[in-house]
1. For the chain, what is the charge dipole size about the Cα centre, in debye to the nearest 20, if Lys and Arg each add +1 at the Cβ and Asp and Glu each add -1 at the Cβ?
2. Only Lys, Arg, Asp and Glu count, each charged at its Cβ (+1, +1, -1, -1), so figure out the dipole size of the stretch 1-102 about its Cα centre, rounded to 20 debye.
3. In straight Cα distance, which lysines are under 24 Å from Lys113, not counting same-chain residues fewer than 8 positions off?
4. Comparing Arg124, Arg102, Arg76, which has the greatest mean-square fluctuation in the GNM of the chain with Cα pairs linked when under 10 Å apart?
5. What is the sum of charges, Lys and Arg at +1 and Asp and Glu at -1, for the other residues whose Cβ falls under 9 Å from the Cβ of Ala24?
6. Using only the Cα atoms of the chain, what semi-axes does the equivalent ellipsoid have when each is the square root of 5 times a gyration tensor eigenvalue? Give whole Å, largest first.
7. In terms of Cα to Cα distance under 13 Å, which aspartates and glutamates are near enough to Lys53, apart from those fewer than 8 places away along the same chain?
8. Quick check: net charge around Thr122, other residues with Cβ under 11 Å of its Cβ, Lys/Arg +1 and Asp/Glu -1?
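Values in this text are rule-based calculations from the coordinates and carry no lab data. Just so we're clear, the structure is a prediction, and the values are computed from it rather than from any experiment. With ideal geometry, Cβ positions are generated from the backbone for all residues, glycine too; neighbour counts draw on all protein chains shown.
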Amino acid sequence: MFVNRDFLRDLKAFEIPTCLRVCAGTDGSVTFLLEIMTRHEVEVITEDQHLVKADEEMAGLLDVAIGEEVNHRTVRLVADGVPYVHAVSLSPIGRMPEEVRRDMMRADIPIGKILRNYGMETRRDFDTIQMEADGPLFGSPDYLSRTYRIVHHNDTLMWIKERFPADGRWSL
C-alpha cells in the first residue's frame with residue numbers, strides 16, 4: 001500500500017490556523033477533534049448516499065473488482081451551526097461486517113464512531129493534501145483538501161476525501 005511520506009511536511013508548509021492543521025493532520029477522528037475544539041456536538045448532515053458499481057477509478061482506489069458494490073456517501077460536519085468539513089467516502093460493501101454496513105447505511109453516524117462502536121482496529125493511510133482555490137466551500141474561496149484510506153486487516157475499508165474551508169472559523 002502506498003503511503004504519502006511527504007504528507008506531514010506538506011501540511012506544515014501551509015499558512016493555516018492551528019486548529020485546521022490539527023484536524024487535517026490527524027490520523028484519528030476529525031469529528032471527535034471538532035467536538036473538543038468547538039465544545040459543541042458535531043452534527044453529520046448527509047447530502048447524498050447511494051450504492052454504485054465500482055468503475056475503473058473506484059476499483060483502483062479501493063482495490064476491488066470493477067462492478068463491485070460501493071457505498072458513496074457525501075456529508076457535512078457542522079458544529080453549532082457552522083460547517084467545518086465536507087467529506088466524500090467510498091466504501092466497498094462486501095468488506096464491511098454486517099453491523100458496520102447497517103450503521104453506515106443509516107447515514108448520519110460519524111465513521112469514527114461506527115469503527116469505535118464495533119472495536120475495529122484500523123489505520124488511516126494518507127494519500128494527498130493540498131490547498132485549493134476552486135471554491136467557494138462554505139463561503140471560503142480557499143480550502144484544504146486531503147484524501148486517505150481507512151485500512152482494516154490490510155484491506156481498504158474506505159477511501160475518503162475531506163475538504164476544510166481555510167478561513168477564520170478555525171480560530172477557536
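1. On the way: 21 positive and 29 negative charges, 94 e Å.
In debye, rounded to 20, the chain gives about 440.
2. Numbers: 11 positive and 18 negative charges, 63 e Å.
The calculated dipole for the stretch 1-102 is roughly 300 debye.
3. Of all the lysines, those that pass the test against Lys113 - Cα under 24 Å, at least 8 places apart if same chain - are Lys161.
4. Arg102
5. For residues surrounding Ala24, the net value is +1.
6. The equivalent ellipsoid of the chain has semi-axes of 25, 18, 15 Å.
7. Within reach: Glu68, Glu69.
8. Details: positive: Arg116, Arg123, Arg124, Arg149; negative: Asp27, Glu121, Asp125, Asp155.
Counting the neighbours of Thr122, the net charge comes to 0.
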